[in-house]
Amino acid sequence: MNFFLELLKVIGLSTYYMLESLVFLFVPKRKKNVSGEIVLITGAGSGIGRLLSLKFAKLGATLVLWDINQDGLRETCRLAEENGAVRIHSYICDCSKRQEVYRVADQVKKEVGDVSILVNNAGIVTGRSFIESPDSLVEKTMEVNTMAHFWTYKAFLPAMIASNHGHLVSIASSAGLIGVNRLADYCASKFAAVGFAESISFEMKVLGKTGVKTTTVCPYFINTGMFDGCSTRWPLLLPILDPDYVAEKIMTAIRRDQAILVLPRSLYFFFALKNILPVKVGILLADFAGALHFMDSFKGRAKKD
Ligand SMILES: NC(=O)c1ccc[n+]([C@@H]2O[C@H](COP(=O)([O-])OP(=O)(O)OC[C@H]3O[C@@H](n4cnc5c(N)ncnc54)[C@H](O)[C@@H]3O)[C@@H](O)[C@H]2O)c1
Ligand SMILES: *[C@@H]1O[C@H](CO)[C@@H](O)[C@H](O)[C@H]1NC(C)=O
């Protein structure tokens, strides 16, 4: 196409898309029906994974729940039944292990069917300065927070592509958009998850698979216990988030096919600033926000290993 024609098209479409999103601000998109969808949630035995399971149960989805924590998983199933779930399938699966993911994925395909909504939610955190982080935990963090996404996509994406229907949900973190001291391995794993999800969304676009949607979620600290001990400096500006609030926002984002969800909203503004201001100003603002001391009082979950 002629350069000027192409340019005209880009200007025309950008204007259209901006107006479109302005309209959606006032007249929100309809939420899609997830009843009858097969939803796989990793790390469903606790926190956000559990809450998402309950919300999908209420909406009539078929649940496929994975976790390594047997007791947590059992409790989620019990609660999901209370929430009206009739089709629940739970599996003990360590998603950090490639062969185990493939093995359990085959079992799911046989026993339940093709997963149409894949929620990669399982996550772990080391929470120490990088030098003090044991190699084994650094490796595990990458395996759970990033590489599990590779293997689950390998297992479930082909069926979504074949039917041009599906949804890939990546529970990343705001630590996937900005580095944080004492979270180096965690940030690396979450940046990787964000980059991976975005790349796959482009692959879907180029393949013309417009029916395969993606949603990447980047929340600030949530009060689930994973980051116990951490405090926020200005709670009004950057509140520690309530798990149910986050889960509800995630559900809405999924059901409206929203590509990215950053919570709280003030972070959109902060990240925009970070990208256009000089680096020193960015650091100053991050320090003002308490970012350099987030992890000072980190306790996390009581360690079992
Ligand atoms: N809590 C926060 O402040 C926060 C902030 C931003 C993003 N996130 C992300 O949200 C997601 C959920 O976090 P949460 O706060 O609900 O944590 P959580 O600790 O309450 O739940 C995580 C679940 O993942 C499971 N899990 C851990 N390793 C696993 C493995 N190898 N295989 C299968 N399951 C495994 C755990 O057993 C647990 O049930 C994580 O990816 C986390 O990184 C959390
Ligand atoms: C949602 O989909 C299910 C199954 O496809 C259907 O039975 C149900 O009526 C739909 N609900 C709404 C509100 O459209």
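The values are calculated or read from the model by the stated rules, or taken from the named source; none is laboratory data. This structure is a prediction, so every number in the text was calculated from the model and none was measured. A quick note on method: Cβ atoms are made from the backbone with ideal geometry, for glycine too, and the neighbour counts reach across all protein chains shown. The protein model used for the area step is the full one, side chains on, heavy atoms only, and it has no ligands, DNA or RNA in it. Shrake-Rupley method; radii C 1.70, N 1.55, O 1.52, S 1.80 Å.
Residues of segment 180-212 with amide nitrogen under 19 Å from the 7 Å Cα-to-Cβ point of residue 273?
Zone members listed by number: 180-181.
Considering the convex hull of the alpha carbon atoms of segment 29-289, report its projected area averaged over all viewing directions, in nm², one decimal. Working shown, then result.
On the way: hull surface 57.3 nm².
Directional mean of the projected Cα hull area for segment 29-289 stands at 14.3 nm².
What lysines does residue 29 reach when the alpha-carbon gap must be under 18 Å and sequence neighbours fewer than 8 apart in one chain are set aside?
Those lysines meeting the cut-off are 213, 249.
Please work out the average accessible area per residue across segment 29-289, using the 1.4 Å probe convention, and give it in Å². Each step should come with its number before you reach the end.
Values: 12220 Å² over 261 residues.
Spelled out: the 1.4 Å probe surface of segment 29-289, per residue, equals 47 Å².
What aspartates and glutamates does residue 55 reach when the alpha-carbon gap must be under 12 Å and sequence neighbours fewer than 8 apart in one chain are set aside?
By straight Cα distance, residue 55 reaches 81, 82, 244, 248.
Across all directions of projection, what mean area in square nanometres is found for the Cα convex hull of segment 123-244? Show your work: numbers first, answer last.
Values: hull surface 34.7 nm².
Its average projected convex-hull area is 8.7 nm².
Å³ per residue of the Cα convex hull, for segment 1-134?
Numbers: hull volume 31.3 nm³, N = 134.
For segment 1-134, the hull spanned by Cα atoms encloses 234 Å³ per residue.
Longer than 25 Å from Cα to Cα, which of 31/109; 154/209; 58/299; 9/205; 154/274 are they? Say none if no pair is. Display every interim value, and only then the final one.
On the way: 31/109 27 Å; 154/209 16 Å; 58/299 34 Å; 9/205 18 Å; 154/274 34 Å.
In this structure, 31/109; 58/299; 154/274 exceed 25 Å between Cα atoms.
Measure off, as a whole percent, the carbon and sulfur share of the 1.4 Å-probe accessible area of segment 135-233, all protein chains present. If you can, show how the numbers build up before the last one.
Numbers: 2290 of 3960 Å².
C and S fraction of accessible area: 58 percent.
Under a plain spin-label model, where a point goes 7 Å from the Cα along Cα-to-Cβ, how far apart in nm are residue 21 and residue 130?
Modelled inter-label distance: 3.2 nm.
Relative contact order for the chain: what percent, with Cα pairs under 8 Å and sequence separation of 6 or more? Mind showing how you got there, number by number?
Values: 506 pairs, mean separation 48.0, N = 305.
Worked out over the chain, it gives 16 percent.
Based on the Cβ-Cβ distance from residue 3 to residue 237, what FRET efficiency comes out when R0 is 51 Å, to the nearest 0.05?
Values: r = 45 Å, r/R0 = 0.88.
Plugging the Cβ-Cβ distance into 1/(1 + (r/R0)^6) gives 0.70.
Determine the percent antiparallel among the DSSP beta bridges restricted to the chain, to the nearest 5.
Details: 0 of 28 bridges.
So the antiparallel bridges in the chain amount to around 0 percent.
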